[in-house]
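Asker: First, the structure itself, so that you have it in front of you.
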Amino acid sequence: MSSERYDRQLRIPELGPAGQQQLAQSRVLVVGAGGLGSPVLFYLAAAGVGTLGVADGDVVALSNLNRQILHRTADIDVQKVRSAQRALGELNPEVQVETYCERLDLPRATELAAQYDLVIDAADSFVSKYLLNDAAVRAGTPLLHAGVEGLAGQLALLGLPDGPCLRCVYPEAPPDPSEPRAILGATAGVVGAIQASEAIQFLADIDAPRGGKLLAVDLRSLQFRTIKISRDPDCPACG
């Protein structure tokens, strides 16, 4: 591990060499290599998270490129996981990238979640988000959820001991829209960067109360609100 590569974050007192070593030994599964997954994966790789799993069954399209910054014009029609593997390898060859070019069902998502220390929800559909939540609950792996639309987004670290899961907050998945969602690329960048920061602090065991909160981001008004969320004892997933 190159200390020069991580010099600036090693200077953070709460992180330091011990935290950096924890990052190097960590395994994170990111589901979705699109608008949220792009900044999350870039920042986790740059920070030196040892193993990154990337799960996405799609190929790169021209309409992805305004927000999915992992990919280039030359990657159009290439599997997103392959494009991501190339980009992350060029950024930091010390990081191992494991790829899953598939659409996950509940058994497969549960199997994968059990192999990682943290699952990051960078999916772009409600169906996928709820599937990931249920898989993470079954696997006993924390889930870092996020979603974005237009100029707004939200995120929460879920599935911690005695903490809520996604169904505790929103019991049922709303229907996915029939048309693609409107989204500004920078919105995904902001929320994805916060996701990466939360993941790094969680993995490095930086002492901060991370669970039981949902962050709502409104970039139109430049407002960030933290909402307290609690576990539902009657939750159909984790109750």
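Asker: Condition test on Val54, is it touching a strand residue (DSSP E or B) at 6+ places or on another chain (Cβ under 8 Å), farther than 26 Å from Gln154 by Cα and of a type in the set (A, V, I, L, M)?
Answerer: no
Asker: How many of the residues in segment 10-25 are closer than 30 Å to Arg67 by Cβ, within 20 Å of the chain's Cα centre (by Cα) and open to solvent by 10 Å² or more (accessible area, probe 1.4 Å)?
Answerer: 1
Asker: Against the definition (open to solvent by 50 Å² or more (accessible area, probe 1.4 Å) and more than 25 Å from Gln22 (Cα to Cα)), how does Pro161 come out, yes or no?
Answerer: No, not satisfied.
Asker: Take Leu160 and tell me if it is of a type outside the set (Gly, Ala, Ser) and in contact with a Ser or Thr (Cβ under 7 Å, 6 or more places away or on another chain).
Answerer: no
Residue-by-condition table, conditions (1) among the hydroxyl-bearing types (Ser, Thr, Tyr); (2) under 15 Å from the mean Cα position of the chain (by Cα); (3) modelled with pLDDT of 95 or more; (4) open to solvent by less than 10 Å² (accessible area, probe 1.4 Å):
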| site | (1), (2), (3), (4) |
| --- | --- |
| Leu29 | no, yes, yes, yes |
| Gly37 | no, yes, yes, yes |
| Tyr43 | yes, yes, yes, no |
| Val49 | no, yes, yes, yes |
| Leu62 | no, no, yes, no |
| Ser83 | yes, no, yes, yes |
| Val95 | no, no, yes, no |
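Asker: Testing Tyr116 on (1) surrounded by fewer than 14 Cβ atoms within 10 Å (Cβ to Cβ); (2) of a type in the set (Ser, Thr, Tyr); (3) in contact with a Ser or Thr (Cβ under 8 Å, 6 or more places away or on another chain), one condition comes back false. Which one is that?
Answerer: Condition (1) is where Tyr116 drops out.
Asker: Is it true that Leu222 is on the phi > 0 side of the Ramachandran plot, open to solvent by 40 Å² or more (accessible area, probe 1.4 Å) and not β-branched (Val, Ile, Thr)?
Answerer: Yes, satisfied.
The values are calculated or read from the model by the stated rules, or taken from the named source; none is laboratory data. Since we're looking at a predicted model, the values are computed, not measured. Heads up, the Cβs are rebuilt from the backbone with ideal geometry, glycines too, and the neighbour counts pull from every protein chain shown. Protein only, heavy atoms only, side chains kept; ligands, DNA and RNA dropped before computing areas. Shrake-Rupley method; radii C 1.70, N 1.55, O 1.52, S 1.80 Å.
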